[in-house]
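Each remark here refers to the structure printed beneath this line.
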Amino acid sequence: MACARLAAAFAAAVAVALPVASAHAATTPPAAPQNLHAFELRSNEAVTHTFARTPTFGWSPVAGAKSYEFELSTSKRFSDSGIVWSSKAIKSPATALPLTLPWITGSPYSLYAHVRVTTARGVSPWSAPFGFNMRWPAVPSPL
């Protein structure tokens, strides 16, 4: 009889403890996406920070991602006045910009991108910014 009461008390304690642990895990936001980079033709190209034409962006997928949010800015701080393009509805870990970027260089970079993910656990922090410049492939020379 004592064993039955002890087993019932243990089962009740576990039943109470599990939802609390699950609720805590559900409120922990996901980690920021990693490996944000830009590329022109293939996502496995060597990482570069100078492009002659508007690049495409990719990052490592996040398990359980519902969507990704992406921002492109002229400011490393991503202030509202510097946002060039953004999207909150990206369904895969890559995005192509629907605009042509002008040739523009800065010190060290003129443009910055970052990304974050939305999962069932919430919204992640922003990824580390990826900086890059837009520059012509070669200086024109007289014919």
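The values are calculated or read from the model by the stated rules, or taken from the named source; none is laboratory data. Predicted model only: the values in this text are computed from it and were never measured. Neighbour counts run over all protein chains shown; Cβ positions are idealised from the backbone, glycine included. Please note that ligands, DNA and RNA were not included when accessible areas were found on the heavy atoms of the full protein model with its side chains. Shrake-Rupley method; radii C 1.70, N 1.55, O 1.52, S 1.80 Å.
Could you give every pair whose Cβ atoms fall below 7 Å, whose first residue belongs to region 30-45 and is on the phi > 0 side of the Ramachandran plot and open to solvent by 70 Å² or more (accessible area, probe 1.4 Å), and whose second residue is at pLDDT 95 or above and in a loop (DSSP other than H, G, I, E, B), counting only separations of at least 6 or pairs across chains? Within 7 Å, the pairs are N35/W59; N35/S60.
For P55, state whether it is at pLDDT 95 or above, loosely packed, with under 10 Cβ neighbours inside 10 Å and under 19 Å from the mean Cα position of the chain (by Cα). Judged against the criteria, P55 is not a match.
Could you tell me whether region 126-143 includes any residue that is modelled with pLDDT under 95 and under 24 Å from A32 (Cβ atoms)? Looking for residues that are modelled with pLDDT under 95 and under 24 Å from A32 (Cβ atoms), one finds none in region 126-143, hence no. Those strands (runs of 3 or more DSSP E) of region 61-143 in which 2 or more residues are within 30 Å of T27 (Cβ to Cβ), open to solvent by 20 Å² or more (accessible area, probe 1.4 Å) and among the polar types (S, T, N, Q) occupy 83-90.
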